[in-house]
Amino acid sequence: MRSEHVNAIKPLAKEAQKYDNLVVLGIGGSALGNIALQSALNLSTYNLQSAKDRKGPRVFVVDNVDPVYLDSILSICDPKKTLFNVVSKSGETAETAAQFMIIRQRLQDALGKKWASHVVAITDPEKGTMRTICDEAGITTLPVPEGVGGRFSSLSPVGLFSAAAAGIDIDALLDGAKAMDERCSNPDLHQNPAAMLALLLVEMGTRKGKPNHVMMPYCNALYLMADWYRQLWAESLGKKFDINNEVVFAGFTPIKALGATDQHSQVQLYREGPNDKVFMFLEVEEFDTDITIPTGMGVEAISYLEGKNMSALLNAEKRATEYALIDSIRPNLTIKFPKVDAHHIGEFIALWQIATAYAGRMLNIDAYDQPAVETGKKATFGLMGREGYGEWLTKVNEALDSTSYSV
């Protein structure tokens, strides 16, 4: 049985499909899951397809405050034909607040008093600045579930709303996550994939001098899942203090690569550079589409490719890289996808979220907070003139003015 807030997504997603565009406003965990799901489960050309060929509106996830980037998206999205999805638990994240203020004004200019009908907010169900704004303006909302941090929110309304609007099967996503959760609850370590994954990576990172963890999908659709993993692994485990308030400087550096592309840019370093990495390949056994390399080219040097499938070449490249790393005594593992679909993506997300929780326990740290991020937020508030943060402006200027060196 699905929770009430998940069931509430479907009618709103159906309404969203009446629009030409869906623009998601968020940053960090409020954006990366959305981006990863769209990239994995819709074609890379999804936004270029005609309206009749797409399963929903064009989807744009605005995950930064670069003005050129934001303007380039807003310039091709008619406010009258666009639904904006603002994702912020508090409403006070500077980046998302600024984005929202801009689109609110543009919607008011285009639609007048009806502007709020073009916004769906995903926020705290009871409190916070965004909650107050939504209640006063009559903005439709979905909840950020209690106790769910941004980097763990992909399978909540935070990630599921835009996925459903774009025609992704969110029930299959959740079924996959549920299946993996059941497997990862097994007390037998050898039958628990998340516990095995966490144990391997923590041991390699803390005892074997391998603190750098490279995720290398051999599938373009999975490439941005590596971005999602990077936030999850870095922000959850990178902690100065353990739960006993002892200084430990825990954590590992997540790195992304793409096979076969980065065989021609990074593998030289991976084979002959510092032996301080663990490599995690993502391999797809069955692609949705395949292409056969034609015969009859008549060039002996490349005739071995004739009649072979592109998927066979890609997976041969993966196996060759796996061998090359083993030959250089570089530890690696492979996570296999029978195919890239919603069920298996749901499994993958759950696997890593649970593995992260296990890793946090093994490291004796709190995997659910991010105290170091708060310093940057407060400094930004000070630099932008927020009341009550003047001391942070002073701190920043004193620190940077005394250490800066320009050429």
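Things to note:
- Placing +1 on each Lys and Arg Cβ and -1 on each Asp and Glu Cβ, with no other charges, gives region 172-363 a dipole about its Cα centre of roughly 660 debye.
- Share antiparallel - DSSP beta bridges, the chain, percent rounded to 5: 10
- In this Cβ point-charge picture (+1 for Lys and Arg, -1 for Asp and Glu), region 313-407 has a dipole of about 320 debye about its Cα centre.
- Taken about its Cα centre, region 4-168 carries a charge dipole of about 560 debye when Lys and Arg each add +1 at the Cβ and Asp and Glu each add -1 at the Cβ.
- At least 24 Å along the helix axis (C-alpha) and Kyte average at least -1.0, DSSP helices within the chain: 94-111, 310-327, 342-363
- Taking every Cα-Cα distance in region 4-168 and sorting them into 10 Å bins starting at zero, the pair-distance distribution P(r) comes out as 11, 44, 38, 7, 0 percent.
- Projected-area mean, region 275-346, by convex hull of Cα positions, square nanometres: 6.5
- Estimated 222 nm signal from helices in the chain, with DSSP H stretches of n ≥ 4 weighted -39500 (n - 2.57), rounded to 500: -14500 deg cm²/dmol
- Each of GLY209, ASN309, VAL62 was scored by the projection of its Cα onto the charge dipole of the chain, and the greatest displacement toward the positive side belongs to VAL62; charges sit on the C-beta of Lys, Arg, Asp and Glu.
- Shape descriptor for the chain: Rg over Rh equals 0.99 (Cα atoms; Rh from the Kirkwood inverse mean 1/r).
- Going from the residue with the fewest nearby Cβ atoms within 10 Å to the one with the most, ILE76, ILE168, ILE255 rank ILE76, ILE255, ILE168.
- The order of ARG230, ARG319, going from fewest to most other C-beta atoms within 10 Å of their C-beta, is ARG319, ARG230.
- Residue (of LEU74, PRO125, ALA137) at the positive-pole extreme of the chain, dipole from beta-carbon charges: ALA137
Each reported figure results from applying straightforward, stated rules to the coordinates on display, with no laboratory input. Being a predicted model, the structure only gives us computed values, none of them experimental. Note that we place each Cβ from the backbone using ideal geometry, even for glycine, and neighbour counts take in every protein chain shown.
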